[in-house]
Amino acid sequence: MKTVFGEIRKLEAVPSFSKHDRLVNGIINAIEEKVLIPDEMLPSLNEMIRELGFSRDTVVKGYQELINRGLVGSTRGRGYYITNDNTGQTLLVALLMYNMDTFEEQFYRSFRAELGPNVHLNVFFHHGNIEVFETILTQAKGKYGMYVVAPIPHPRTKQLLETIPRNRFLMVDRYEPIDGEFNHITQEFARSSYQTFMELAPVIREYDEMIFYHSDDSLDPKEIVGSFRKFLKDAKIKGRILPEYKPGCIEKGKVYFTLDNFAMFAMLKECREKRLKPGKDVGVLSHNDEPAKDLIGITTYSADFSLMGKKAGEFVMRREMVRETMPMVLWRRNTL
């Protein structure tokens, strides 16, 4: 009768295999031979040590690699068990994003394109809700070989992220500080927003006032608010922050800045109805570039989300240390 121990011992005949290799490949062979099936328990650490004479460290690392490959799971009080019989699957990745806006879809498409065919990707959305964020991370704990996470600015975020092993964690999009060194490919909003506003200052001065639509309850990066206020003061430009765009409020001679795509398109529609020409009668500035804004000719500034996704995918495949802040790019188009 075939046993998992027997499958592991068979590999003693392979001179190039270390004990770690024999353990991992022996269990994979046992899965392929149906000796082990999904939900079946693996021998405990002590059983493996007693039967094979391997060190505890060898067995723990072997089980951990199988967890990283998405073949094995572990539960406190239950032990280790088979979760998947797809042995061709080498890595299970969890991608936790805000939502699927157009610019985030650019990130996703580039990210997925970099992953090999044997990588299984599960995508989750937290929508900026810390309760949803915590639930997803709790349920995903210990089940994935890599966690790629766009964090939420929230007091509880740090504690939640620090439960993820550093060697299986990549922070993307917004940067949230956590203890120690960790891999990240993120944006910076304060300095880059200020520099963008200052670069646009000569054309903004041609208008009477600049209005930034921002609600404290929104998911907009709060750093941009401080940069906007500093810009108005330093550049001696008249401007103000209003909580939301209200239909009918667009006036000639003003520059409007928003991170809300729905509001931005509503403003452009109102300009057309009032026969106000963007870039001449009014100015419009948006954040987070995407193909539709390029097509219409909207001036934006943004990180390159396609490039961010590509770099994130490369990290998952190569596991080479990365700590990168993506530069913001200003796209000067027709609206400002």
| request: Note down all Cβ pairs under 7 Å where the first residue falls in the range 75-89 and is on the phi > 0 side of the Ramachandran plot and surrounded by 15 or more Cβ atoms within 10 Å (Cβ to Cβ), the second is at pLDDT 85 or above and of a type in the set (Ser, Thr, Tyr), and they're at least six residues apart or on different chains. | output: Gly79/Ser44
| task | Could you grab the pairs with beta carbons closer than 7 Å, sequence gap of 6+ or different chains, first residue in the range 247-264 and on the phi > 0 side of the Ramachandran plot, second one modelled with pLDDT of 95 or more and surrounded by 14 or more Cβ atoms within 10 Å (Cβ to Cβ)? | result | Gly253/Tyr207
| In this structure, does Glu51 turn out to be of a type in the set (Asp, Glu), over 30 Å from His287 (Cβ atoms) and out of contact with any helix residue (DSSP H, G or I) (no Cβ under 9 Å at 6 or more places or on another chain)? | no
| task | Working carefully through the options Val148, Val119, Val172, Val123, find the one that is closer than 21 Å to Leu71 by Cβ, modelled with pLDDT of 95 or more and touching a strand residue (DSSP E or B) at 6+ places or on another chain (Cβ under 9 Å). | result | Val148
| task | Within the range 22-64, track down each residue that is of a type in the set (D, E, K, R) and open to solvent by less than 50 Å² (accessible area, probe 1.4 Å). | result | Arg22
| query | In this structure, is Ser16 more than 17 Å from Lys143 (Cβ to Cβ) and open to solvent by 60 Å² or more (accessible area, probe 1.4 Å)? | reply | yes
| field | One residue from Ile178, Ile130, Ile136 being at pLDDT 90 or above and over 23 Å from Ile67 (Cβ atoms) | value | Ile130
| task | Tell me, please, whether a residue that is open to solvent by 30 Å² or more (accessible area, probe 1.4 Å) and modelled with pLDDT under 90 can be found in the range 4-11. | result | yes
| field | Qualifying positions in the range 204-221 - of a type outside the set (Gly, Ala, Ser), within 21 Å of Asn288 (Cβ to Cβ) and exposed (fewer than 14 other Cβ atoms within 10 Å of the Cβ) | value | Asp216, Asp217
| note | Restricted to the range 204-219 and to residues being touching a residue at least 40 places away in the same chain (Cβ under 8 Å) and within 28 Å of the chain's Cα centre (by Cα), the residue nearest to Ile130 (Cα to Cα) is Leu219
| said: Tell me the residue from Leu121, Leu96, Leu137 that is over 25 Å from Lys34 (Cβ atoms) and either touching a Phe, Trp or Tyr at 6+ places or on another chain (Cβ under 6 Å) or of a type in the set (Ser, Thr, Tyr) (or both), please. | reply: Leu96
| Per-region count, the range 60-110, residues modelled with pLDDT under 90 and of a type in the set (Phe, Trp, Tyr) | 1
| Name the pairs: first residue in the range 274-290 and in contact (Cβ under 8 Å) with a residue 12 or more places away in the chain and more than 26 Å from Gln187 (Cβ to Cβ), second residue open to solvent by 10 Å² or more (accessible area, probe 1.4 Å) and in a loop (DSSP other than H, G, I, E, B), Cβ to Cβ under 6 Å, at least 6 apart or on different chains? | Leu276/Lys252; Gly279/Asn334; Asp281/Lys252; Val282/Leu276
| field | Glu12 being of a type in the set (Asp, Glu), out of contact with any Ser or Thr (no Cβ under 7 Å at 6 or more places or on another chain) and over 16 Å from Val72 (Cβ atoms) | value | yes
| query | touching a Phe, Trp or Tyr at 6+ places or on another chain (Cβ under 9 Å), closer than 30 Å to Val149 by Cα and among the polar types (S, T, N, Q): does that describe Asn86? | reply | no
| message | Whether any residue in the range 259-270 is of a type in the set (Gly, Ala, Ser), open to solvent by less than 40 Å² (accessible area, probe 1.4 Å), within 30 Å of Pro151 (Cα to Cα) and touching a Pro at 6+ places or on another chain (Cβ under 7 Å) is what I want to check. | response | yes
| Top-ranked residue of the range 229-239 - restricted to ones that are basic (Lys, Arg), more than 32 Å from the chain's Cα centre (by Cα) and on the phi < 0 side of the Ramachandran plot, ranked as least open to solvent (accessible area, probe 1.4 Å) | Lys238
| remark: Flagged in the range 316-333 as open to solvent by 70 Å² or more (accessible area, probe 1.4 Å) and either charged (D, E, K, R) or over 19 Å from Ala113 (Cα atoms) (or both), in numbering order, are Arg318, Arg319, Glu320, Met321, Arg323, Thr325, Pro327, Trp331, Arg332
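The values are calculated or read from the model by the stated rules, or taken from the named source; none is laboratory data. Source: prediction; values computed, not measured. Neighbour counts are summed over all protein chains in view; Cβ atoms, including those assigned to glycine, are modelled from backbone coordinates with ideal geometry. What goes into the accessible areas is simple: the full protein's heavy atoms, side chains included, and nothing from ligands, DNA or RNA. Shrake-Rupley method; radii C 1.70, N 1.55, O 1.52, S 1.80 Å.
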